Amino acid sequence: MPDSSKHLLLVEDENALRQVVAEQLRDRGYNVEEADSGEAAITKLSDFAFDAIVTDLRLPGVDGSSVIDAAIERYPDIVAIVVTGYGTVKDAVEAIKRGAADFVSKPFQIDELLLVLDAALEKRRLKSENAYLRAQLEERYRFEGIVGKSRAMAKLFQLLEMVAGTNSTILITGETGTGKEVVARAIHHSGGRRQQRFIALNCSAIPETLLEAELFGHVRGAFTGAVGNRQGRLEQAHKGTLFLDEVGTMSTALQMKLLRVLQEREFERVGDSHSTKVDVRVIAATNSDLGRMVADGQFREDLFYRLNVIPVQLPPLRDRKEDIPLLVQHFLAKFQSSATVSQEAMRHLMSYLWPGNVRQLENAVERAVAFSAGRSQIDLGDLPSELQHDETPPVAASLTLPDEGLNLEALVATIERDLIHRALERTNGNKGQAATLLHLKRTTLVEKLKRLSE
Ligand SMILES: Nc1ncnc2c1ncn2[C@@H]1O[C@H](COP(=O)(O)OP(=O)(O)OP(=O)(O)O)[C@@H](O)[C@H]1O
Ligand SMILES: [Mg+2]
């Protein structure tokens, strides 16, 4: 028999019957192993990965369902067929619930069994082929957990591959939720420092007065409450990577100290007169325009250049819609959902502008999974309300000036109406909060609403 023959375990306690069936299966090209009891079957299963198992349900001692359980627990992909005595449908249904692929009832013709077996094996083949294709697809379109197949993301993956092995300082820019932190971690995990620590510090989350001690550590008595010596994040990241998030919010005094770290790889703990050397790779991130802040005198130019050795720009999600189906699939898997998404819902997911980018998409998918609980398909109604509108909001990225020109006033009015509606929706109709969201006085919003309803 060629290697491609299927290995099958036949479990049946009636010797005569088992031998006949085994013989017939062998004639049809199966490589058959026989077991005359549940115990014997389980022993054989423990050291060989059969393609299929055919077992009688009623066996003395360990019964057929336990054999099925043992087989599926070890080999989720095994094809299990049960043989039920006297055609009791109930037993068969029970077995299928436990993961059996199909059943035949005694007495059966060998062709009946072969038909059921071939169909089940073919189904499994297709399933694993799909899984294989999916795995391949994912392989090609991800870099350390970053999903995307758009041109922008493909370029990003190339860049990341190039820079991961270096020690160069990297500045990641991008709107909120575009994946700045994921990218920073990916760079760390694919580079030579991956065995060492990745230490993240969000500069905007720590009060200005505490940030310096947090970053550089302090010595005992450096300030009230400094009872002992303490390592800062910089030292914790020694030999590893320091991720400075929201670096644009750093005070100018601290900016100068950070510059020194980048230039000389040394620093002083707060209250210490000695310098400490460190070996860290710095990855910084910001969602503000640092170049602009330099021009406005809010950010040190020299520090900007030291940070911006390798700029990595993350495109907003609305500029790479083709990544959305892939991301949706990725998040469905993350939230352990096997549901699919209706094409209508997918269209809305793809036309929405995603101000909160990938994070917002992730939240929307998580919510949809919860809302669609038990159903096999996620529908439009499972999406957050701001996604359920029909018209594509005409704002921002989709703005182009057509050759034939456009009616500016009408367009601006549409944008205004659209954003006001969205603000009200997000705030559940609270006009005060909606006005704040739009940077308007409440009275102005009320006036506009009155005009809109005319
Ligand atoms: N390309 C991507 N593939 C898979 N998941 C992603 C991708 N981009 C972002 N995410 C997910 O989106 C969420 C937000 O990402 P992350 O925290 O890295 O964004 P950020 O740019 O740092 O946002 P913020 O500016 O608000 O801090 C995370 O849960 C992350 O896993
Ligand atoms: Mg972040």
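The values are calculated or read from the model by the stated rules, or taken from the named source; none is laboratory data. Note that the structure is predicted; figures quoted are calculated from it, not measured. A quick note on method: Cβ atoms are made from the backbone with ideal geometry, for glycine too, and the neighbour counts reach across all protein chains shown. Note: areas computed on protein heavy atoms with side chains; ligands, DNA, RNA excluded. Shrake-Rupley method; radii C 1.70, N 1.55, O 1.52, S 1.80 Å.
Which pairs do you get when a residue that is over 16 Å from P311 (Cβ atoms), found in the range 150-165, comes within reach of a residue that is open to solvent by 50 Å² or more (accessible area, probe 1.4 Å), reach meaning Cβ atoms under 6 angstrom, with the pair 6+ apart or on two chains?
Close Cβ pairs satisfying both conditions: S150/E322.
Please tell me if I42 is of a type in the set (A, V, I, L, M, F, W, C) and open to solvent by 40 Å² or more (accessible area, probe 1.4 Å).
Against the criterion (of a type in the set (A, V, I, L, M, F, W, C) and open to solvent by 40 Å² or more (accessible area, probe 1.4 Å)), I42 qualifies.
Only one of (1) over 22 Å from L258 (Cα atoms); (2) open to solvent by 80 Å² or more (accessible area, probe 1.4 Å) fails for F143. Which number is that?
(2)
In this structure, does V82 turn out to be hydrophobic (A, V, I, L, M, F, W, C), surrounded by fewer than 22 Cβ atoms within 10 Å (Cβ to Cβ) and touching a residue at least 12 places away in the same chain (Cβ under 8 Å)?
Against the criterion (hydrophobic (A, V, I, L, M, F, W, C), surrounded by fewer than 22 Cβ atoms within 10 Å (Cβ to Cβ) and touching a residue at least 12 places away in the same chain (Cβ under 8 Å)), V82 does not qualify.
Which residue pairs have Cβ atoms closer than 6 Å, lie 6 or more positions apart in sequence or on different chains, and pair a first residue in the range 241-268 that is among the aromatic types (F, W, Y) with a second residue that is open to solvent by less than 40 Å² (accessible area, probe 1.4 Å) and within 16 Å of ligand 1 (Cβ to nearest atom)?
Hits for this filter: F243/A184; F243/A200; F243/I283.
From (1) within 16 Å of ligand 1 (Cβ to nearest atom); (2) small (G, A, S); (3) farther than 20 Å from A285 by Cβ, pick out the condition that doesn't hold for A205.
Of everything listed in (1) within 16 Å of ligand 1 (Cβ to nearest atom); (2) small (G, A, S); (3) farther than 20 Å from A285 by Cβ, A205 misses just condition (3).
Which one of the conditions (1) open to solvent by less than 70 Å² (accessible area, probe 1.4 Å); (2) without any contact (Cβ under 8 Å) to a residue 12 or more places away in the chain does E73 fail to meet, given that it meets all the rest?
(1)
Take residues that are buried (at least 16 other Cβ atoms within 10 Å of the Cβ) and of a type outside the set (D, E, K, R) and tell me which of the strands (runs of 3 or more DSSP E) falling wholly in the range 244-314 contain 3 or more.
Strands (runs of 3 or more DSSP E) meeting the threshold: 281-286.
Do you know which residues across the range 164-174 are surrounded by fewer than 19 Cβ atoms within 10 Å (Cβ to Cβ) and either near ligand 1 (Cβ under 8 Å from one of its atoms) or not hydroxyl-bearing (S, T, Y) (or both)?
G165, N167
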